[in-house]
Amino acid sequence: MITRSELSVQSRAQISTQTISDFGCWQTQLAGAITSPEQLLAMLQLSPGLLSPALKACQEFPLRVPHAYIQRMVPGNPDDPLLRQVLPVGEECQHIEGYGLDPLAEQSQNPTDGVIHKYHGRLLLIVGGACAVNCRFCFRRHFPYQDNRLDRDSWHNAIEYIRSDTSIKEVILSGGDPLANNDRRLANIAAELNAIDHVATLRIHTRLPVVIPDRVTDELINWFARQRLQPVMVIHANHANEIDDRVREAMFRLKQAGVTLLNQAVLLKGVNDSASALIQLGEALFKAGVLPYYLHLLDPVHGAAHFDVPDVTATRLIQEVMAHCPGYLVPRLVREIPGRPGKTWIL
Ligand code: SF4
């Protein structure tokens, strides 16, 4: 077992074998995630006054957060940037004009169950609705996953759709969190995609290696190493405190398996809306072998308006980051506008 202090001084070349944390295997951690606001507040020694609004907000979108993520929060701090991403709050219940249930109009770009085809040359496969953590700002917090299950028939239809459109060079596994599927199911999905000649890249958008780093199993690493498809993983970290030694270890193992590692963050009020927070995030990512890729402006989803950062502030923050960092540590500031064939670059 590698201790965390030992790990911080190891070179990436030395990190080649999996370690299992004190929390058990990743499935155990997934099943044992905290779903009770009362329990979370007690664990973090926070005011019981936060409970009533949390319970109300949970009726629309439940709390879900694993122990490995809670461990990185500071007890007694209601403004902890990791806590703010997961704790349900009263503002979520307010109806704000311009904020809706399907902010990116994905349900009109859904040619067959489990497929979202909104970008040129690439499409998303919704390979499940489960997540390790329920992020309060998630633009899919109201997504009808029950109508997009990839059962045997819909999976066949999805594969035929990809096979029949030779413009599709890249398939993006999305969700939910695609890594909430077990390694065998992922291998089966990849095997079918491998057999389609015009698909060259397999991208996985996931938050699981950040919130439960033990998800990066030996089996997953071996699976990546065997791919014909070029593997890309886009993780989702919003604050430097999310990237601890366990996450770094997971990232180094993925990199050794040939996976291109990128990060997309969301600009969130009270979480990362300062130049220093964004600079620290970029540096922490780079130390883990991950390049900052996108910084998203918030998608206007009902329940998340309190996270919004105005465009003018966002632009100023990125300019400050540009003044302090090399270009490769400056994420592209983007917004997703429904109907456009890609992200819209703001800066
Ligand atoms: S892990 Fe991703 S899909 Fe799941 S709730 Fe968070 S942002 Fe949404």
task: Quick one: what are the phi-derived ³J(HN,Hα) couplings along the stretch 280-288, Karplus 6.51/-1.76/1.60 with θ = phi - 60°, whole Hz, x for glycine and proline?
output: 4, 4, x, 5, 5, 5, 4, 4, 8
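Normalising by the residue count of the stretch 16-160, find the relative contact order in percent from Cα pairs under 8 Å and 6+ residues apart.
22
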query: Between Arg185 and Gln109, 0.36 nm times their residue separation minus their Cα-Cα distance comes to what?
result: 24.8 nm
- prompt: Label Thr315 and Leu291 with points 7 Å out from Cα along Cα→Cβ: what is the distance between them in nm?
  reply: 2.6
field: Gain upon complete extension [Asp79, Ser276; 0.36 nm per residue less C-alpha separation]
entry: 69.3 nm
- prompt: Relative contact order (percent) for the chain, with alpha-carbon contacts under 8 angstrom and 6 or more residues of separation?
  reply: 17
query: When the chain is modelled as a GNM with alpha-carbon springs shorter than 10 Å, which of Pro326, Pro209, Pro37 fluctuates the most?
result: Pro326
message: Can you compute 3J(HN,Hα) from phi for each residue in the stretch 190-203, using the Karplus curve 6.51 cos²θ - 1.76 cosθ + 1.60 with θ = phi - 60°, rounded to whole Hz and x for Gly and Pro?
response: 5, 4, 5, 5, 4, 7, 9, 4, 6, 7, 10, 10, 10, 10
message: Once each part is reduced to its C-alpha centroid, what is the distance from the stretch 31-94 to the stretch 225-293 in angstrom?
response: 24
message: Run the simple label-point estimate for Arg335 and Lys269 please: 7 Å along Cα→C-beta, distance reported in nm.
response: 1.6
- line: Counting sequence-distant residues (5 or more places) and residues on other chains, those with an amide H built under 5 Å from that of Ile34 are Val65, His67
Solvent-accessible heavy-atom area per residue, rounded to whole Å², over the stretch 106-345 at 1.4 Å: 38
- prompt: Given labels modelled 7 Å from the Cα in the Cβ direction, how far is it in nm from Leu101 to Gln59?
  reply: 1.6
- prompt: So what is the 222 nm mean residue ellipticity for the chain from helices alone, if each DSSP H run of at least 4 adds -39500 (n - 2.57) and you divide by all residues, rounding to the nearest 500 deg cm²/dmol?
  reply: -8500 deg cm²/dmol
Links that overshoot a 32 Å alpha carbon limit, given the list Lys269/Lys343; Lys118/Lys255; Lys56/Lys343; Lys169/Lys287: Lys56/Lys343
- prompt: Between Gly176, Gly282, Gly100, which gets the highest mean-square fluctuation from a Gaussian network model of the chain, Cα cutoff 10 Å?
  reply: Gly100
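In the chain, what percent of the accessible surface is made up of carbon and sulfur (1.4 Å probe, ligands and nucleic acids excluded)?
On the way: 7630 of 14800 Å².
Result for the chain: 52 percent of the exposed heavy-atom area is carbon or sulfur.
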message: Looking at the chain as a GNM with Cα springs under 10 Å, which of Arg141, Arg215, Arg185 has the largest mean-square fluctuation?
response: Arg185
query: Under a 5 Å amide H to amide H cut-off, with H placed in plane at 1.01 Å, what residues pair with Lys118 once short-range neighbours are removed?
result: Leu124
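The values are calculated or read from the model by the stated rules, or taken from the named source; none is laboratory data. Values in this document were obtained by computation on a predicted structure and should not be read as measured data. Using ideal geometry, Cβ is built from the backbone for each residue, glycine included, and neighbour counts are taken over all protein chains shown. Remember, those area values only see protein heavy atoms, side chains included, never the ligands or the DNA or RNA. Shrake-Rupley method; radii C 1.70, N 1.55, O 1.52, S 1.80 Å.
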